[in-house]
């Protein structure tokens, strides 16, 4: 084992220790704040723990999670299935890219949450409408990052491949796609986290279901100890997805580990 | 013997931004040269004299404005396995390992899988990178990266090697080492080499013939046969009696050319030449100091 490895391990241990100390401090601050503000403003940490046990025990969370994840997975799947190929075609065929680019940018710069009433008008208050809202949010970061990834392929590498006799098709599949990979994964990660946001917003604005629905219900009832449970569940889902994709990126782009 | 590469009255210009529009910057004008089969030709000239452009034209990466390039008597060269390019900036695929990078041109040209991997191993061994097959370029030093660049170009077993200042971005020691290794590799492969540099010692060590090309718009100003016997790694070429004479001559000619350059068509730039400081080697880049 080299000296560098040992140092790396020590740094990691220090990192975890620091995190645990910060977490403990946050809980302490929370506890003090809860005691001085009262349960109508902020429930005590222990109350949230009990609420968590209750809501998991009686199946409330399970049902809500199922509803939310169904919407999320379908919408995110559709965003990927359309967004990545579209970004690739835009990057690979200049005419398509030039034509579509400005419209994508227009939609992306628009505050898309403003389109929720339109989605409700078109698709009603049910699942379809929710899926449409999530796609509206998750789709654009995926297309834009894929497109930019392909577009920003190093020209020198393309020239090198051309000099070895690469055809246009080979340039696209063997160079541009690989060069874009890390950007594509970034797009997927952004899309995934915006998608979670989309699910909650959709559940707030349409028929109240899922984890977002629980948040509104308990919030309106001032049952803040229960209210915090879906909030925490959503945070855990968000972190899991983003860390999972970081891991996938690391596995798919092993050469990046050495580019520090 | 019929020449391998013939260049006739070649001209190439690029648009140069000037105020609101563009003017034509003539990079190469009416350049003619020829290279024999199995010959090692070094093209030397001041920086900005269109040496890289010339290589790209020969490879068929860019089309000429006028003039003709014949490879084995056939005009309009196309990039492909017949010519292997080694770039100054290496240009390795960062997502491929050493093995993957050397295999890459072979896969592009649909070389049979088994044959390709045999060849890749052979050339990786030849450039001395055995044991590094699974390393990524970012894990290698500059010298090692260029060894990969060499192996990649040679694995195509091209008839012509086009080398664009391949050792120009390496430190002096590494580049001298690689020059000798290139000599050895070339001795065995015996393909035709067109090698661009502005390093006089490199040119004198490697070349059968040196073509001196002038400042923009460039053409061949002078042709110098290099008399040293081969193989040249077995003795010290620099202690040959002709060596300092040739070097002095090249040095003077290059200096003259640089003093004439520095003028773009339509642009007023005073020629700037700096005399070498005492004990300092002259390089064409000095002209850029101003």
note = Among A:55, A:42, A:88, the single one that is buried (at least 19 other Cβ atoms within 10 Å of the Cβ), assigned to a loop (DSSP other than H, G, I, E, B) and in contact with a helix residue (DSSP H, G or I) (Cβ under 7 Å, 6 or more places away or on another chain) is A:42
inquiry  = Going through B:104, B:90 one at a time, which residue ends up being within 14 Å of chain A (Cβ to nearest Cβ) and part of a loop (DSSP other than H, G, I, E, B)?
reply    = B:90
inquiry  = Among the listed residues A:235, A:242, A:193, identify the single one that is without any contact (Cβ under 8 Å) to a residue 24 or more places away in the chain and assigned by TED's automatic domain parsing to the domain that holds residue A:44.
reply    = A:235
remark   = Within region B:164-178, residues more than 12 Å from every other protein chain (Cβ to nearest Cβ) and under 12 Å from the mean Cα position of the chain (by Cα) come out as B:165, B:166, B:167, B:168
key: Test: residue B:144 is at pLDDT 95 or above and buried (at least 21 other Cβ atoms within 10 Å of the Cβ)   = no
remark   = Among helices (runs of 4 or more DSSP H) entirely within region B:115-232, at least 2 residues that are within 22 Å of residue B:103 (Cβ to Cβ), in contact with a helix residue (DSSP H, G or I) (Cβ under 9 Å, 6 or more places away or on another chain) and touching a residue at least 40 places away in the same chain (Cβ under 8 Å) occur in B:142-155, B:172-189
note = Of the listed residues (A:166, A:179), the one being more than 22 Å from residue A:39 (Cα to Cα), within 14 Å of chain B (Cβ to nearest Cβ) and part of a helix (DSSP H, G or I) is A:179
Subset of region A:196-206 (residues that are in a helix (DSSP H, G or I) and either in contact (Cβ under 8 Å) with a residue 24 or more places away in the chain or within 11 Å of chain B (Cβ to nearest Cβ) (or both)) = A:196, A:197, A:198, A:199, A:200, A:201, A:202, A:203, A:205
query = Counting only residues that are more than 24 Å from residue A:158 (Cβ to Cβ) and outside any strand (DSSP E or B), which one in region B:48-87 is modelled with the lowest pLDDT?
reply = B:49
message = Checking the structure you have, find out if any residue of region A:230-252 is surrounded by fewer than 17 Cβ atoms within 10 Å (Cβ to Cβ) and either touching a strand residue (DSSP E or B) at 6+ places or on another chain (Cβ under 6 Å) or not in a helix (DSSP H, G or I) (or both).
response = no
query = Is it the case that residue A:137 is in contact with a helix residue (DSSP H, G or I) (Cβ under 8 Å, 6 or more places away or on another chain) and within 22 Å of residue A:182 (Cα to Cα)?
reply = yes
query = Of all residues in region B:4-31, how many are in contact (Cβ under 8 Å) with a residue 40 or more places away in the chain and farther than 16 Å from residue B:54 by Cβ?
reply = 4
request  = Given the conditions (1) crowded, with 19+ Cβ neighbours inside 10 Å; (2) modelled with pLDDT under 95; (3) at the interface with another protein chain (Cβ under 10 Å from one of its Cβ atoms); (4) out of contact with any strand residue (DSSP E or B) (no Cβ under 8 Å at 6 or more places or on another chain), report the number of the one that residue B:156 does not fulfil.
outcome  = (4)
request  = Those residues that are surrounded by 24 or more Cβ atoms within 10 Å (Cβ to Cβ) and under 15 Å from residue A:143 (Cβ atoms), I need them from region A:70-84; list them, please.
outcome  = A:75, A:76, A:79, A:83
Residues (within 14 Å of chain B (Cβ to nearest Cβ) and either at pLDDT below 95 or surrounded by fewer than 23 Cβ atoms within 10 Å (Cβ to Cβ) (or both)) located in region A:150-160 = A:152, A:153, A:154, A:155, A:156, A:157, A:158, A:159
key: Candidate set from region B:47-79 (those that are free of Cβ contacts under 8 Å to residues at least 60 places away in the same chain, away from chain A (no Cβ under 11 Å) and more than 18 Å from residue B:159 (Cβ to Cβ)); member that is surrounded by the fewest Cβ atoms within 10 Å (Cβ to Cβ)   = B:63
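The values are calculated or read from the model by the stated rules, or taken from the named source; none is laboratory data. Predicted, not measured: the structure shown is a model, and the values here were computed from it. No Cβ is skipped: glycine too gets one built from the backbone with ideal geometry, and neighbour counts run over all protein chains shown.
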